[in-house]
1. Just to check your reading of the model, which residue among HIS259, HIS276 is modelled with pLDDT of 95 or more, open to solvent by less than 60 Å² (accessible area, probe 1.4 Å) and in a loop (DSSP other than H, G, I, E, B)?
2. For the stretch 76-94, which residues satisfy the criterion of being out of contact with any Lys or Arg (no Cβ under 8 Å at 6 or more places or on another chain) and assigned to a loop (DSSP other than H, G, I, E, B)?
3. Residue under question is LEU320, and the condition is that it be under 12 Å from THR262 (Cα atoms) and touching a Phe, Trp or Tyr at 6+ places or on another chain (Cβ under 8 Å); does it hold?
4. Only one of (1) open to solvent by 10 Å² or more (accessible area, probe 1.4 Å); (2) more than 22 Å from SER171 (Cβ to Cβ); (3) touching a helix residue (DSSP H, G or I) at 6+ places or on another chain (Cβ under 7 Å); (4) in a helix (DSSP H, G or I) is not met by THR97, so which one is it?
Amino acid sequence: MGEMRDSGSQNTAKRSILRKLLECLLGIRKAYNQPVPNLITKIFITHLHGDHFFGLPGLLCTISLQSGSIVSKQPIEIYGPVGLRDFIWRTMELSHTELVFHYVVHELVPTVDQCPAEELKEFTHVNRAGSPPKEEQGRTILLDSEENSYLLFDDEQFVVKAFRLFHRIPSFGFSVLEKKRPGKLNAQKLKDLGVPPGPAYGKLKNGISVVLENGVTISPQDVLKKPIVGRKICILGDCSGVVGDEGVKLCFEADLLIHEATLDDTQMDKAKEHGHSTPQMAATFAKMCRAKRLVLTHFSQRYKPVALAKEGETDGTAELKKQAESVLDLQEVTLAEDFMVISIPIKK
């Protein structure tokens, strides 16, 4: 799992959104030393296969139990394909679960070309008598026909979009883009313009114009260097490819690209048949995107982890790593492990 980290603790907390970008497995809370409630404000589900979302009700219950008397005023926001809202509602209803916090489910409406026609299901038949007391009204998010993607949220720090993938059932990828930060103050320009050190520096750094004693107005663009480009992390759900070209655009020059590689390259036909990818397929996509770092994940159980493989064996995950690196001109590829944390330094 990727994590955007700054050097300052306050900024670290603000910019750790990838700690919140989760495929929910019941034991995921063990990955953190801090209490779960302090970390999770948003949850993203790529697709509705059991190994990717059956743990969500358990995770919500864990958050509720660990919250104690500290209840956030902001609801936990959950994003995922159509059908997710009904699943959560039914599990909460059947288990008589009463969460101490509010949550909201935003559903992404897939298009017909995201899976085989016979696998695309309509959820208009769902008949609910009511909503759980802690569920707030969420959005139904349609594909933006111009952008060819789904805008999930856009705040002062991040823009998160979803893009379409092809799998046995509709699947999505997520792009998390950190917005540009103001550039550094140009000390020489400040001096030349007669801006005195002090509060005026802070205002200009924060994008606020200041008026000097002589009546001259100094705008931030007069004294700031070029904005600092933000970091980008992209995570793809299970897939045998992207639908349309927006996935490549959204993942272009990603600092970290996480892509599944269920089977090795000799099993490519089988992988595609089941809506999955191989290392070559993942690396080819990463190369198209000019991704700076590729992380492979979602390996079939037939491949032994590096720690368990014997010397000379070619049926382990190390072979998957080699196959991907051969496409990327020997650029190092990372094999994902449970609870792995990858730090992405802030750009300066």
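1. HIS276
2. VAL82
3. Yes, satisfied.
4. The number of the failed condition is (4).
Here is a yes/no grid of residues against (1) out of contact with any strand residue (DSSP E or B) (no Cβ under 6 Å at 6 or more places or on another chain); (2) open to solvent by less than 60 Å² (accessible area, probe 1.4 Å); (3) assigned to a strand (DSSP E or B); (4) at negative phi:
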site: ALA283; (1), (2), (3), (4): yes, yes, no, yes
site: ALA286; (1), (2), (3), (4): no, yes, no, yes
site: LEU296; (1), (2), (3), (4): no, yes, yes, yes
site: ARG302; (1), (2), (3), (4): yes, no, no, yes
site: ALA307; (1), (2), (3), (4): yes, no, no, yes
site: LYS310; (1), (2), (3), (4): yes, no, no, yes
site: LYS322; (1), (2), (3), (4): yes, no, no, yes
site: THR334; (1), (2), (3), (4): no, yes, yes, yes
site: ASP338; (1), (2), (3), (4): yes, no, no, yes
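The values are calculated or read from the model by the stated rules, or taken from the named source; none is laboratory data. Quick caveat: nothing in here was measured; it's all calculated off a predicted structure. Positions of Cβ are backbone-derived with ideal geometry, glycine not excepted, and every protein chain shown enters the neighbour counts. To get the accessible areas, we keep the full protein, side chains included, count just its heavy atoms, and leave off ligands, DNA and RNA. Shrake-Rupley method; radii C 1.70, N 1.55, O 1.52, S 1.80 Å.
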